[in-house]
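Input: a single structure, listed below in structure tokens.
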Amino acid sequence: MLAILIRALTYATLFIGFVLVYLPARTLAWAGVVRPSRFGSPQALGAIVAVSGAMLAAWCIASFVVLGRGTPAPFDPPRRLVVRGPYRYVRNPMYLGAGLAVAGAALFYQSGALLAYAAAFLLVMHVFVVLYEESVLRQTFGNDYDAYCRQVRRWLPTL
């Protein structure tokens, strides 16, 4: 289990570092956005949304390690179908958490460019999920995955 945790943290750190820190920072720099001079309501709300998204993504990674015995990386996926934790409510909570984290940063910086980046990220994740991930999960987990898809929506949480 420790080896799985180390791999998951390594992959998550590389993904988060590049897609959710480096590229958004480049987007802000390209758009000429600087840190707000004062901390107001948009910054407070943005921080809450960003931290909530990051916590959701971290919960997903932990669920993959503990429940699925795998990592979020497509080349080292969970060995078991994960349908508990945040996956009980929505099929793609990790991508939603990451999107929320970037959207929260966009609100914090009041940056349309960063909001567009968040939207593009979610669009790319949707295409990845539909064209690749769902078919691989269907091949790997068969009827269990089909039953899960009938019970839990792809993007909109169910309670």
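Throughout, read-outs are computed from the coordinates displayed, never taken from laboratory work. Predicted model only: the values in this text are computed from it and were never measured. Every residue, glycine as well, gets a Cβ built from its backbone with ideal geometry; the counts of neighbours run over all protein chains shown.
Would you tally the residues in the stretch 108-156 being under 30 Å from residue 38 (Cα atoms) and either among the small types (Gly, Ala, Ser) or assigned to a helix (DSSP H, G or I) (or both)?
Within the stretch 108-156, the subset under 30 Å from residue 38 (Cα atoms) is 108-122.
Checking the rest, the ones that are also either among the small types (Gly, Ala, Ser) or assigned to a helix (DSSP H, G or I) (or both) come to 108-109, 111-122.
Result for the stretch 108-156: 14.
How many of the residues making up the stretch 29-55 are farther than 25 Å from residue 93 by Cα and either touching a helix residue (DSSP H, G or I) at 6+ places or on another chain (Cβ under 8 Å) or part of a loop (DSSP other than H, G, I, E, B) (or both)?
Keep residues of the stretch 29-55 that are farther than 25 Å from residue 93 by Cα, which gives 29-41.
Checking the rest, the ones that are also either touching a helix residue (DSSP H, G or I) at 6+ places or on another chain (Cβ under 8 Å) or part of a loop (DSSP other than H, G, I, E, B) (or both) come to 30-40.
Total meeting the criteria: 11.
Within the set 20, 14, the sole residue that is over 13 Å from the mean Cα position of the chain (by Cα) and in a helix (DSSP H, G or I) turns out to be 14. What's the total number of residues in the stretch 30-76 that are in contact with a Ser or Thr (Cβ under 9 Å, 6 or more places away or on another chain) and loosely packed, with under 14 Cβ neighbours inside 10 Å? Going through the stretch 30-76 one residue at a time, the tally reaches 0.
Taking residues in the stretch 41-68 that are free of Cβ contacts under 8 Å to residues at least 24 places away in the same chain and closer than 29 Å to residue 137 by Cβ, and partners anywhere that are aliphatic (A, V, I, L, M) and in a loop (DSSP other than H, G, I, E, B), the pairs with Cβ atoms closer than 6 Å and at least 6 places apart or on different chains are 67/82; 68/82.
Within the stretch 117-152, which residues are touching a residue at least 40 places away in the same chain (Cβ under 8 Å) and surrounded by 12 or more Cβ atoms within 10 Å (Cβ to Cβ)?
As a first pass, look at the stretch 117-152 and keep what is touching a residue at least 40 places away in the same chain (Cβ under 8 Å): 117, 121, 132-133, 136-137, 140-141, 144-145, 148-149, 152.
Hits for the stretch 117-152 are 117, 121, 133, 136, 137, 140, 141, 144, 145, 148, 149, 152.
Per the listing 3, 47, 25, 62, the residue uniquely small (Gly, Ala, Ser) and within 15 Å of the chain's Cα centre (by Cα) is 62. Against the criterion of being at negative phi, in contact with a Gly (Cβ under 9 Å, 6 or more places away or on another chain) and not in a helix (DSSP H, G or I), residue 91 does not qualify. Of the residues making up the stretch 92-110, one or more are in contact with a Pro (Cβ under 6 Å, 6 or more places away or on another chain), farther than 16 Å from residue 57 by Cβ and in contact (Cβ under 8 Å) with a residue 60 or more places away in the chain.
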